[in-house]
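The values are calculated or read from the model by the stated rules, or taken from the named source; none is laboratory data. All values derive from a computational prediction rather than experimental measurement. Every residue, glycine as well, gets a Cβ built from its backbone with ideal geometry; the counts of neighbours run over all protein chains shown.
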Amino acid sequence: MAGTDKTKNQVLGPAPIAVLVSPQLGENIGTAARAMANFGLHEMRLVDPRDGWPNEKALTSSSGANWIIEKASVHESLEDCLKDVTYVYATTARPRGMIKEVITPEQAGDDMRARVARGEKVAILFGRERTGLSNDEISRADVIVTAPVNPAFASINIAQAVLLMSYEWYKDQAESLGQKTPELPALEGPGLQTPDTRPATKEELFGFFDHLEHELDVAGFFKTEAKKPGMMINIRNIFGRAQLMEQEVRSLRGIVSSLTRAHEKRKEQREQERAERERDEG
């Protein structure tokens with residue numbers, strides 16, 4: 001097809017993962033794969049695609065980016081999809097009213113290159129065609145990415161969003177266009193030093209959230225069931241902004257477990273004291 005040089009080999013080095021959440025049309029998945037291939041992204045993950053998988057329309061709409069479609073993985077839940085990822089970017093055009101950092105696609109591109117250069121596995125979330133990402137899904141990301149678009153017509157489709165983010169990832173590495181690839185930030189030098197640990201994966205972070213939610217439930221923290229989802233979104237956002245390391249997640253789980261044991265011990269002591277009083281009174 002026009003613009004494709006089949007004598008060139010595909011470059012499949014480390015790159016962000018494109019995650020399509022509940023995509024509705026196979027054609028949109030295919031055009032998103034084409035956009036990924038244009039700018040060096042090669043791993044696609046699908047969360048609960050509406051029309052099932054595999055999808056012939058996705059393959060025919062990919063315009064030759066069939067290796068992305070054929071290797072795409074399907075996941076029942078976002079948590080399962082992100083469990084091996086350390087940092088997540090959520091794309092959205094709408095303000096969400098939650099306390100979470102918001103950056104531009106250009107800033108995201110710089111950040112992605114630095115993180116991937118350090119060996120992190122990062123993912124970009126793209127939402128449904130009609131409604132985008134839910135607040136709950138965005139709360140599981142580390143940062144929101146919003147493009148400055150015409151406010152009178154701010155809606156862009158999945159393929160456009162994937163193209164925009166993929167371009168920002170690729171533009172400073174485009175040696176094929178005669179540009180020199182810049183030196184990417186290394187672990188040494190100014191910035192956060194992380195000896196003997198690594199960024200926590202989403203599986204580790206989500207496991208901590210589940211642990212914390214369970215213990216808060218037992219402790220009666222959630223006064224009403226209706227408010228629980230919103231409160232958990234706020235809690236996930238609080239810890240998400242911290243960009244926790246794996247060792248820190250283990251420490252937090254240890255703190256929660258210690259507090260739980262202390263509470264249970266005090267409860268046992270109170271019950272024992274009450275039993276002793278009742279025995280003495282009897």
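State the number of residues belonging to the range 125-173 that are under 24 Å from Glu27 (Cβ atoms), in a loop (DSSP other than H, G, I, E, B) and within 19 Å of the chain's Cα centre (by Cα).
The total comes to 6.
For Thr197, all conditions in the list (1) among the polar types (S, T, N, Q); (2) surrounded by 15 or more Cβ atoms within 10 Å (Cβ to Cβ); (3) within 24 Å of Ala123 (Cα to Cα) hold save one; what is the number of the exception?
All conditions are met except number (2).
Return yes when Ala108 is buried (at least 23 other Cβ atoms within 10 Å of the Cβ), out of contact with any helix residue (DSSP H, G or I) (no Cβ under 7 Å at 6 or more places or on another chain) and in contact (Cβ under 8 Å) with a residue 12 or more places away in the chain and no when it is not.
Taking the combined requirement at face value, the residue does not satisfy it.
Can you tell which of Asn28, Asn38 is more than 20 Å from Thr131 (Cβ to Cβ) and either in contact (Cβ under 8 Å) with a residue 24 or more places away in the chain or under 21 Å from the mean Cα position of the chain (by Cα) (or both)?
Only one candidate passes the filter, namely Asn38.
When you look at Phe221, is it in a loop (DSSP other than H, G, I, E, B) and over 23 Å from Arg96 (Cα atoms), yes or no? Even if it seems obvious, please write down each step before you answer.
Numbers: in a loop (DSSP other than H, G, I, E, B): yes; over 23 Å from Arg96 (Cα atoms): yes.
Here the answer is yes, as Phe221 does meet what is asked.
Being at pLDDT below 95 and either in contact with a His (Cβ under 8 Å, 6 or more places away or on another chain) or among the small types (Gly, Ala, Ser) (or both), is that true of even one residue in the range 80-92?
No, the range 80-92 has no match at all.
Consider Tyr89 against the criteria (1) out of contact with any strand residue (DSSP E or B) (no Cβ under 8 Å at 6 or more places or on another chain); (2) crowded, with 16+ Cβ neighbours inside 10 Å; (3) under 23 Å from His42 (Cβ atoms); (4) of a type outside the set (A, V, I, L, M, F, W, C): it satisfies all of them except one. Which criterion is unmet?
(1)
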